[in-house]
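Below is one structure, written out as structure tokens, with a few remarks after it.
No lab work stands behind these numbers, since they all come straight from the coordinates. Please read these numbers as outputs of a predicted model, since none were measured by experiment. All Cβ positions, even for glycine, are placed from backbone atoms using ideal geometry, and neighbour counts span all protein chains on display.
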Amino acid sequence: MPVSRRTFVGQFLTLTSLHKLANLLGAEPQPNVLLQTADENGLALLNGFSSRVVAVEGLAPVSGGAYLWHRAPDGGAVFADQDKNNTGGWIYVSNCESNSVGGAGALKFNASGDVIDAYRILDGTLRNCAGGKTPWGTWLSAEEVNQGRIWECDPQGNASPLVHPALGTFRHEAAAIDPNNACVYLTEDKPDGCFYRTVLSHYPALSQGVLQVAEEVTIDGQMTLIWHDVPNPNPSEKETPTRYQVKSATIFKGGEGIWYHQDKVYFATKGDNRVWCLSLADQVLSIIYDYATASHPALRGVDNLTVHNNGQIYVCEDGGNLEIVMLGENGWVLPIMRIDDHTGSEVTGVAFTDDGHRMYFSSQRGPSANGNLGITYEVTGPFDALDVIFQQGFE
């Protein structure tokens, strides 16, 4: 039976009070005990949440449909469906992180949550890992290869994808748009990768702009980013990669997911298991989670991330124990989902519907009778109540 928001919060605050008591007694809190026994889909969820499988690699998500769900589903996002014949529906877009086919696909849902269509929105690219959602409703799909570029895609599948050289040529991971300052922030998935932004010339057009790379300096005792123009933003394979062109550029080890929310940009670096927050008003950078020093180290292998409407950060694990973990800026972590028995996989593509009630994600290489296949899930439940829990229970 569904759990009401009031009941859910009441039950949960009792448990989080035990966490506080454990801290006072010097014991180590165990957030994982809050997850229930895995359900029929192999997902361990919080009480009051439920799951279903919406797509499996190699199978048609819609009975009789021509499109077979792609392999290695990775970064994703949810968009309102603009089709007037599907009022109240939405679309989940998912990248294909494959060296052979790449591209991206989409699932179309009606207002009741039924999958009514599935189709490709990008072809002819390689290893499309993450990307980003634009404020005007398109999907930026990023290629994680040395000559990788970013493609702007129509979630409806009607318009042809556009490549944007102004966003640089390098081993792209993810992108986030700052609409107030007309910038696109970009992560690079290399152990010695950098953190970038493109200052757009004619926002919201992405076709022209100046690619810059970040240098971390200390100003008034705070980590602050200053920016340098990249001399050659689109180097060929024989030319110097972007990350080596500015000697003072700071290394961000294995850049992963990135998201813009309320004049801040959050991003993850897998090489050092950190999640960062960049204040755009003053370019002050802070570390909000560091596995090596965290009081509650329940998040390891940071990867894709998104920010819920309520401001809480959701981070997928590539490694760890295959969880999606909710993270607060105060460093508290709360695992809200774990995939059991998917050794060798990674959790990818976490995204929410606009109302915040449905969460989508994938196990990139989940076990099945036919080998390790990509599986895409939906989880529903009182996500809005989790914000109350963080404010009242985890302060």
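If you bin the C-alpha pair distances of the chain every 10 Å from 0, what whole percents do you get? Calculated over all Cα pairs of the chain, the distribution is 5, 24, 33, 25, 11, 2, 0 percent.
With the simple model of a label 7 Å out from the Cα in the direction of the Cβ, residue 295 to residue 210 spans 4.3 nm. Per-residue packing, averaged as other Cβ atoms within 10 Å, sorts the ranges 314-323, 117-126 into the order 314-323, 117-126, beginning with the highest.
For region 274-294, backbone nitrogen atoms closer than 16 Å to the point 7 Å from residue 330 Cα along Cα-to-C-beta are found at 288-289.
Extending 7 Å from the Cα toward the beta-carbon at both residue 160 and residue 120 defines two label points whose distance is 1.5 nm. For region 154-258, the list of chymotrypsin sites (Phe, Trp or Tyr not before Pro) that fall in a loop by DSSP and count at most 10 other C-beta atoms within 10 angstrom is empty.
Label separation (residue 50 vs residue 237): 5.2 nm, computed from points 7 Å beyond Cα along the C-beta direction.
The per residue volume of the convex hull around the alpha-carbon atoms of region 84-199 is 112 Å³. Packing, taken as the mean count of other beta carbons within 10 Å per residue, orders the peptides 56-63, 98-105, 301-308 from highest to lowest as 301-308, 98-105, 56-63. Here's the list of lysines a cross-link from residue 133 could span, going by alpha-carbon distance under 29 Å and ignoring same-chain residues fewer than 8 apart: 84, 108, 190, 253, 264, 270.
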